[in-house]
Amino acid sequence: MDTLALQLDIPRLETARLILRAYRPEDFDFYAGLTGDEEVMRYIAPANTRPLAFRAFCATFGHWIVRGHGMWVLEEKSTGRLLGHAGLPHWEGSQGMEVGYALHPSAWGQGYALEAASRVLQYAHDTMGARGVISVIHPDNAPSIRVAERMGASLLREHTGSDGVRLLIYGHRDP
C-alpha cells in the first residue's frame with residue numbers, strides 16, 4: 001500500500017501581541033466553538049454544527065496544500081489563549097485572495113482584528129508577492145469595514161453572492 005505523507009510548512013507570524021500559527025488537531029474544539037457561534041458567524045456564513053465544523057477544519061489544512069496559503073489561528077502571546085483566526089482564503093468561486101478573520105467575542109474591540117489583518121496583508125505582499133488582495137465584507141459589518149479602511153483599503157464594488165447576499169469588495173493598496 002502506498003502512503004502519501006504531506007508535510008505542511010505553514011509559516012509562523014508574529015505581531016506585538018499575537019502569534020499567528022498553524023492550526024493543530026488539538027485546536028479543533030476551539031475551531032468548532034468559534035465557527036459554531038451565531039454571533040461570530042453573523043456576517044460570514046451560517047454557524048457550523050460540530051460535524052460541519054470538522055469538515056471546515058479539515059478544509060483549512062487542504063487550503064494550504066492546494067493554494068499555498070490559508071488561515072492561521074491567533075494565539076495571544078502573553079497568555080497562550082486562542083482568540084480567533086486570520087489569513088488569506090481564496091476559495092473556489094470567490095472574488096480573489098482576501099484578508100479574512102474571525103475573532104471570539106472575548107477578543108472583540110481590542111484591536112486584534114486590525115493587528116492580525118495588517119500582518120496577514122504584509123505577508124501576502126512581502127512574502128508571497130500577492131497583488132490585488134481584497135476584503136469581502138457584509139455591508140452591515142461596520143467593525144470590519146472600519147478595519148479595512150484603517151488598513152487603507154477602499155471600496156471597489158458591490159457583489160451579490162450565490163446565496164443572494166449583498167457584499168462589499170474592498171481593495172487593499174499594493175505596495
- To the nearest 20 debye, what charge dipole does the chain have about its Cα centre, counting +1 at the Cβ of each Lys and Arg and -1 at the Cβ of each Asp and Glu? 300
- Long-range HN-HN contacts of Gly84 with modeled amide H, under 5 Å: Leu74, His104
- For Met71, the residues 5 or more places away or on another chain with a placed amide H closer than 5 Å to its own amide H are Leu88
- Task: Determine the gain in length on full extension of the stretch Asp140-Ser94; use 0.36 nm per residue of separation and subtract their C-alpha separation, reporting nm with one decimal.
- Result: 14.6 nm
- Residue by residue through the range 59-74, the couplings from Karplus 6.51 cos²θ - 1.76 cosθ + 1.60 with θ = phi - 60°, in Hz, x for Gly and Pro, are 5, 5, 6, x, 4, 5, 5, 7, 9, x, 7, x, 9, 10, 7, 9
- Take the alpha carbon gyration tensor of the range 52-114, find the square roots of its eigenvalues, order them as a ≥ b ≥ c, and report rounded if a/c is under 1.5; if not, report prolate when a/b exceeds b/c, else oblate. prolate
- Item | Potential lengthening between Asp163 and Thr127 on full extension [0.36 nm per residue; Cα-Cα distance subtracted] | 9.6 nm
- Task: Per residue of the range 27-33, in order, report the coupling 6.51 cos²θ - 1.76 cosθ + 1.60 (Karplus, θ = phi - 60°) as ³J(HN,Hα) in whole Hz, putting x for Gly and Pro.
- Result: 8, 4, 4, 4, 4, 4, x
- Between Leu8 and Ser78, what is the label-to-label distance in nm when each label sits 7 Å out along the Cα-to-Cβ direction? 2.9
- Task: Report the label-to-label distance for Arg24 and Glu149 in nanometres (one decimal), using points 7 Å from each Cα along the Cα→Cβ vector.
- Result: 4.0
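The numbers here are math on the coordinates, done by the rules we state, and not lab data. Since the structure is predicted, the reported quantities are computational estimates derived from the model, not experimental observations. A quick note on method: Cβ atoms are made from the backbone with ideal geometry, for glycine too, and the neighbour counts reach across all protein chains shown.
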